[in-house]
Amino acid sequence: MVHTETFTLTAKGFCDIHDITAKVADVVGRSVIASGTVTVFCSGSTCAITTIEYESGVLHDLRRAIEELVPQDREYEHDKMWGDGNGFSHVRSALLKPSLAIPLIGKRLALGRWQQVIFLDFDNRERRRDIIVQVVGE
Amino acid sequence: MVHTETFTLTAKGFCDIHDITAKVADVVGRSVIASGTVTVFCSGSTCAITTIEYESGVLHDLRRAIEELVPQDREYEHDKMWGDGNGFSHVRSALLKPSLAIPLIGKRLALGRWQQVIFLDFDNRERRRDIIVQVVGE
Amino acid sequence: MVHTETFTLTAKGFCDIHDITAKVADVVGRSVIASGTVTVFCSGSTCAITTIEYESGVLHDLRRAIEELVPQDREYEHDKMWGDGNGFSHVRSALLKPSLAIPLIGKRLALGRWQQVIFLDFDNRERRRDIIVQVVGE
C-alpha cells in the first residue's frame, strides 16, 4: 500500500531550517500503513531534507558549517548566466540532497529521541515550499 | 509491486555529470506502478546520485565546490596502498552517496521544474556505469 | 511485504567506521522478499550511513576529509549550551545523513564489488548503536 500527502510551509531562505517531524508524523497517523518506509522529499533545487537534534545551538553550528563549505559571498557561474543570485543555494542543495527515507515500525517513525526531521531552505528569498511525505508498506 | 530496470551509460570520470531524468522517467513509464517510491542507485564506489538544476553554470559551480571540499591533487592513503590514483573519487562518493529516493505520484516523478536527477562519476578514467532504477508501489 | 530487523553494535565514536554489509545481507537472507528496496537507518543524531570501498587507506582518507570539513577542535554553540562536547558530531551527522536505500534484486543487494555499507559513529564516546534494516518488496 502507498499513502502520499503533500504539505506546504513558508521558508525564508538563507539556510532557514524547519522542524517538520510533527508534520511527517501526522501524515503517518492518517495512513493505515503500520510498517514500511517513509520518504520525505522536497520538490525544488534549492532545498534539502536531513535529520538533526533540533536545538538552536547545533542549528547555528550547522549553518556555519554550510556557509564555510559552500560560501554565499563569492562568484557563481550560475549567477553570471541567469542573474538569480542563488548559485550557492543550488550547490548546497545538490550536496545535501532533497530526500530522506525513514523506517516506520508499529506506526512509529524509527527516529532517535534527539533526532528530528528538518527541511532546509537554501534559496535567497522567501518561498512557499511543498514537502511530500510518502509511506510505502503494509 | 516492484519494477526494476538497469541502464548503462559511459562516463568520463573527473566529476563527469549526466542528466538521467529522462532515463528514470522511461523506466517509470514502462512500469504499471502509478504511485510509490523510485530508488535510483549506482553500483560503484566512485560515483553518486543527486538532483540539481541541470544547466552548465551551476554544474561548473558544483564541480568547483566538490574539488575544493575533496581536492584531487593531494596525497591519499588509498593511492599509496593500491596505486589506483582515485582516492579522491572514493571519498567524494562516500560523502555524496550512491542513492536517491523520489516519490512517484500519479505516474509522475515528484521533481520540481528545475530539478533534474544526475549521476556523478568521480573516477579517474572512462567507465561503463550501471544505474539501477527501482519502483516499489501499487 | 515488509521485513524489518534491528541489530546492535558497539561503536567508539570519533569517526569510528563499521562495515555492516554482512549484517544487512543477513537480514535480507532471513526475509522472504526477493526484490524490493532495503533501507538502512541509524536512530541517532550523531551517526550516519553510506557506502565505501572498505579498506584502511580510503577509510583514513574519509576520516581526514570529514575532520577538515567539520573540525572537531573548535567552538560549537551546541557545546556552550549543553556541555556535551559533541557539537561536531551532530553537524557531521546532519551533513552525511542517517539513511541509505539500496535496491534488492533476486535476493541480492545491488552493491558493486568494492562497495560496502558502512555505519559511521561521530559521537565523542563509546555507545551501543541500533541499526535498522527494512526490506519493502515482494
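The values are calculated or read from the model by the stated rules, or taken from the named source; none is laboratory data. These numbers come from a predicted model, not from an experiment. Note: ideal-geometry Cβ built from the backbone for every residue, glycine included; neighbour counts use all protein chains shown.
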Point to revise | Selection from the stretch C:80-95 of residues that are of a type in the set (D, E, K, R) and either without any contact (Cβ under 8 Å) to a residue 24 or more places away in the chain or more than 20 Å from residue C:20 (Cα to Cα) (or both) | key: C:80, C:84
**Study point:** Residue match in the stretch A:53-69 (condition: assigned to a helix (DSSP H, G or I), of a type outside the set (Val, Ile, Thr) and farther than 26 Å from residue C:84 by Cβ)
**Key:** no
Review point. Among the residues of the stretch A:8-24, how many are of a type in the set (D, E, K, R) and assigned to a helix (DSSP H, G or I)?
Key: 1
Study note, to complete from the structure: Residue count, the stretch B:82-95, condition more than 30 Å from residue B:27 (Cα to Cα), among the small types (Gly, Ala, Ser) and more than 7 Å from chain C (Cβ to nearest Cβ), comes to 2
Practice item. Go through (1) out of contact with any Ser or Thr (no Cβ under 6 Å at 6 or more places or on another chain); (2) crowded, with 17+ Cβ neighbours inside 10 Å; (3) among the aliphatic types (A, V, I, L, M); (4) within 13 Å of chain C (Cβ to nearest Cβ) and name the single condition residue B:132 misses. Key: (1)
Point to revise | Qualifying positions in the stretch B:10-37 - among the aliphatic types (A, V, I, L, M) and farther than 20 Å from residue B:53 by Cα | key: B:27, B:28, B:32, B:33, B:34
**Study point:** the stretch A:82-103, residues that are crowded, with 18+ Cβ neighbours inside 10 Å and of a type outside the set (A, V, I, L, M)
**Key:** A:84, A:86, A:87, A:88, A:89, A:90, A:92, A:93, A:97, A:98, A:99, A:103
Point to revise | Number of the condition not met by residue C:5 [criteria: (1) surrounded by fewer than 16 Cβ atoms within 10 Å (Cβ to Cβ); (2) part of a strand (DSSP E or B)] | key: (1)
Review point. Only one of (1) surrounded by fewer than 21 Cβ atoms within 10 Å (Cβ to Cβ); (2) in contact (Cβ under 8 Å) with a residue 24 or more places away in the chain is not met by residue A:40, so which one is it?
Key: (1)
Point to revise | Residues within the stretch C:46-81 that are more than 16 Å from the chain's Cα centre (by Cα), buried (at least 20 other Cβ atoms within 10 Å of the Cβ) and facing chain A (nearest Cβ under 10 Å), tallied | key: 3
**Study point:** Residues satisfying the stated conditions in the stretch C:96-107, i.e. free of Cβ contacts under 8 Å to residues at least 60 places away in the same chain and within 8 Å of chain B (Cβ to nearest Cβ)
**Key:** C:96, C:97
Point to revise | Conditions (1) over 17 Å from the mean Cα position of the chain (by Cα); (2) touching a residue at least 40 places away in the same chain (Cβ under 8 Å); (3) buried (at least 22 other Cβ atoms within 10 Å of the Cβ); number of the one not met by residue B:110 | key: (2)
Check your understanding: Which of the residues belonging to the stretch A:83-138 are among the β-branched types (Val, Ile, Thr) and not in a strand (DSSP E or B)?
Key -> A:91
Review point. For residue C:83, are the conditions met, namely being over 13 Å from residue C:50 (Cα atoms) and modelled with pLDDT of 95 or more?
Key: no
Practice item. State the number of residues belonging to the stretch A:25-45 that are among the aliphatic types (A, V, I, L, M), away from chain B (no Cβ under 13 Å) and outside any loop (DSSP other than H, G, I, E, B). Key: 2
